[in-house]
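Q: This is the structure I want to talk about, given as structure tokens.
The values are calculated or read from the model by the stated rules, or taken from the named source; none is laboratory data. None of the values given here were measured: they were computed from a predicted structure. Cβ placement follows ideal geometry from the backbone for every residue including glycine, while neighbour counts extend to all protein chains displayed. Surface areas here come from the heavy atoms of the whole protein model, side chains and all, with no ligands, DNA or RNA. Shrake-Rupley method; radii C 1.70, N 1.55, O 1.52, S 1.80 Å.
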Amino acid sequence: MAVTVSDACIGCGACVDACPVAALELIDDKANCNPDACSECGACVDTCPVEALSL
């Protein structure tokens, strides 16, 4: 299971920068996770300032 992004996402891009496998990108100012690329490491979850991401 990949990272899920809630509506709380503010599109700051912190998760995109934190992802070591480039599985996240911003689309329409919201984070979007590519489940095929996600390694489920949790780096993005730990980085999100508004706790919009979860495993």
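Q: Considering the range 15-28 alone, what residues qualify as being over 8 Å from the mean Cα position of the chain (by Cα) and either of a type in the set (F, W, Y) or under 15 Å from P49 (Cβ atoms) (or both)?
A: Those that are over 8 Å from the mean Cα position of the chain (by Cα) and either of a type in the set (F, W, Y) or under 15 Å from P49 (Cβ atoms) (or both): D17, A18, L26.
Q: Any chance you could count how many residues in the range 23-40 are open to solvent by 80 Å² or more (accessible area, probe 1.4 Å) and either part of a loop (DSSP other than H, G, I, E, B) or in contact with a Ser or Thr (Cβ under 9 Å, 6 or more places away or on another chain) (or both)?
A: 5
Q: With respect to P20, is the statement that it is touching a residue at least 24 places away in the same chain (Cβ under 8 Å) and open to solvent by 50 Å² or more (accessible area, probe 1.4 Å) true? Full working, then the answer.
A: Values: touching a residue at least 24 places away in the same chain (Cβ under 8 Å): no; open to solvent by 50 Å² or more (accessible area, probe 1.4 Å): yes.
It is false that P20 is touching a residue at least 24 places away in the same chain (Cβ under 8 Å) and open to solvent by 50 Å² or more (accessible area, probe 1.4 Å).
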